[in-house]
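The values are calculated or read from the model by the stated rules, or taken from the named source; none is laboratory data. Just so it is clear, the model here is predicted, and its values are computed rather than measured. Don't worry about glycine lacking a Cβ; one is built from the backbone with ideal geometry, like all the others, and counts go over all protein chains shown.
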Amino acid sequence: MAKEEVIDGRWWIHGRDSDPRVGTFTYGSDRGFSLTVKVPQSAPASEVLGSFEDARQASVPSVIVGRDAHDKPVTLFGCHNSPQVSGGMKTYRIDVLAAIQGLELRAWTQEAIRAIAVDIDLLHRWLGGRIIERIKAREGQSCWKIPDEKDSIYDVCPGVRLRIVRFIAPSSSQDEERWVPGHRIWLHFEEAQSLRQLTDNWLPWIRRLFSLLVGTSVASTRIECFIGDPYSDDADVPTEGILLRPTGKRRIRVRDPHIYEMLAPFPEVENQFAQIVQKWHEVARRLEPVVDLFCTVVFNQSFHAEAEFLFLVQALEVYHARTFVSTTLPTKEHAERVNAVIAGTPPELKQWVTRKLQGANYKTLDERISELFTAHSTDAQRLFGEIAELPERIRYTRNHLTHYSGNTTSPKYLKEHELLEVTWRLEGFIWMCLLTEIGVSGRPIEKLIRREADVRIVMLD
């Protein structure tokens with residue numbers, strides 16, 4: 001939402017058993033979402049202070065229901081009151097975390113949504129579609145035709161299906177005729193979902209998948225939620241609501257990419273896209289902390305270099321823990337060694353020795369990173385160059401930034417320009433690992449490695 005929008009309407013700010021109040025809901029600005037309600041009153045100055053105290057202590061429901069100017073429902077969630085009182089007006093400025101226009105729901109956790117439609121930027125370009133096609137007509141002439149495109153449907157997991165809808169929307173005026181692509185992503189649920197489940201799980205799941213494949217962050221520009229599934233054979237007229245919520249800052253790695261700049265455009269992965277969708281569902285759950293840390297750095301925010309480095313190193317550590325063996329010895333063998341050492345330890349030292357030895361079986365951070373680099377040795381060498389000493393330097397730098405326990409003049413410590421370069425290449429390495437996990441290989445990986453390896457960090461003198 002790039003500009004500020006308003007919804008004028010009636011709002012039940014004291015619950016549905018009270019009278020509604022006229023007010024304006026404002027959303028889409030950098031200042032957040034808010035509902036402003038002004039209630040006329042006539043009070044002498046001596047009563048204003050007491051009225052203010054009453055208003056300050058008065059609370060509003062966390063969920064406020066309203067009706068817009070067209071008498072359509074609007075539900076506001078996460079409401080918090082900030083009243084202002086004067087002699088002639090009591091003003092409620094209610095901060096709001098999210099809203100849905102068109103539906104009346106009793107709670108953010110109410111399981112009521114059976115389908116969602118999401119507009120994603122760059123989707124038409126990623127699909128490789130054409131807006132119009134030129135075809136041959138009789139007598140050597142040619143004409144233009146809107147392409148016939150069918151929906152593509154994929155199983156995500158039991159009870160959830162993904163649909164890609166492709167269509168070209170025409171519009172006309174006295175001066176021009178236009179055809180605009182309007183492709184969308186749909187998710188269909190056998191079991192009704194809550195807005196919380198959609199925003200915590202499914203919407204990030206969609207955006208992150210397509211960001212990985214496109215090669216830069218993508219945004220969901222419009223989210224429609226349906227009480228009934230419009231594609232169901234027995235569905236009545238669907239009840240639709242538009243989800244409104246603040247959009248976080250995005251990190252743009254490639255601005256306005258052409259399809260040839262995208263890592264894995266649909267024409268290149270179409271034959272395996274059904275498997276990619278299912279594997280992404282499994283990977284997003286199994287490697288959830290890795291995906292969260294990676295996407296926070298690469299797609300969502302811009303942090304200072306040290307923070308990005310620490311997040312990515314932590315992502316590597318978690319990725320190793322969930323895909324490799326994290327212990328040096330089998331657990332039983334290590335326990336036997338610990339017991340043998342403790343048996344010969346003086347009684348006053350047994351507790352300390354036990355505590356120290358119990359965690360000694362886990363591989364160190366540099367050992368974990370070395371195993372990951374070895375598993376992808378060719379790509380790691382293309383990204384980082386000489387990698388023999390790099391895992392130890394990453395460990396040393398990470399420990400210093402976390403505990404301030406190292407020496408910044410040590411050759412093991414990554415200097416500023418080295419830290420920036422290693423951080424950038426760690427992004428590419430983890431990106432490659434995630435694509436590999438969901439079954440993407442070959443040309444997309446080659447494009448990613450070449451793109452990341454070609455970047456050079458330039459410092460100001």
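Observations on the structure shown:
- In the stretch 9-27, the qualifying residues are those that are assigned to a loop (DSSP other than H, G, I, E, B) and closer than 15 Å to residue 80 by Cβ, and the one that is modelled with the lowest pLDDT is 14.
- The set of residues from the stretch 358-375 being surrounded by 14 or more Cβ atoms within 10 Å (Cβ to Cβ) and within 23 Å of residue 449 (Cα to Cα) comprises 366, 368, 369, 370, 371, 372, 373, 375.
- Residue match in the stretch 222-229 (condition: within 19 Å of the chain's Cα centre (by Cα), of a type in the set (A, V, I, L, M) and either not assigned by TED's automatic domain parsing to the domain that holds residue 182 or not in a loop (DSSP other than H, G, I, E, B) (or both)): yes
- Restricting the stretch 360-389 to residues that are in contact with a Phe, Trp or Tyr (Cβ under 6 Å, 6 or more places away or on another chain) and either outside any loop (DSSP other than H, G, I, E, B) or not hydrophobic (A, V, I, L, M, F, W, C) (or both) leaves a set whose member that is nearest to residue 290 (Cα to Cα) is 371.
- Here residue 200 qualifies as part of a helix (DSSP H, G or I), surrounded by fewer than 18 Cβ atoms within 10 Å (Cβ to Cβ) and among the acidic types (Asp, Glu).
- Any hit, the stretch 248-262, residues being assigned to a strand (DSSP E or B), crowded, with 16+ Cβ neighbours inside 10 Å and in contact with a Pro (Cβ under 9 Å, 6 or more places away or on another chain): no
- Hey, residue 211 more than 24 Å from residue 77 (Cβ to Cβ), loosely packed, with under 15 Cβ neighbours inside 10 Å and not aliphatic (A, V, I, L, M) or not: no
- Residue pairs whose Cβ atoms lie under 7 Å apart, sitting 6 or more positions apart in sequence or on different chains, and linking a residue in the stretch 328-346 that is more than 13 Å from residue 359 (Cα to Cα) to a partner that is surrounded by fewer than 12 Cβ atoms within 10 Å (Cβ to Cβ) and at pLDDT 80 or above, do not occur here.
- Flag for residue 421 being closer than 30 Å to residue 286 by Cα, buried (at least 16 other Cβ atoms within 10 Å of the Cβ) and either of a type in the set (D, E, K, R) or assigned by TED's automatic domain parsing to the domain that holds residue 213 (or both): yes
- Only a single criterion out of (1) within 18 Å of residue 231 (Cα to Cα); (2) part of a strand (DSSP E or B); (3) basic (Lys, Arg) is not satisfied by residue 134, namely (1).
Yes/no per residue for (1) in contact with a Cys (Cβ under 6 Å, 6 or more places away or on another chain); (2) of a type in the set (Phe, Trp, Tyr):
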position: 172; (1), (2): no, no
position: 179; (1), (2): no, yes
position: 188; (1), (2): no, no
position: 195; (1), (2): no, no
position: 208; (1), (2): yes, no
position: 211; (1), (2): no, no
position: 218; (1), (2): no, no
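- Taking the criterion of being among the polar types (S, T, N, Q) and in contact with an Asp or Glu (Cβ under 8 Å, 6 or more places away or on another chain), no residue of the stretch 223-276 qualifies.
- Taking the criterion of being among the charged types (D, E, K, R) and crowded, with 21+ Cβ neighbours inside 10 Å, the only residue of the stretch 292-316 that qualifies is 308.
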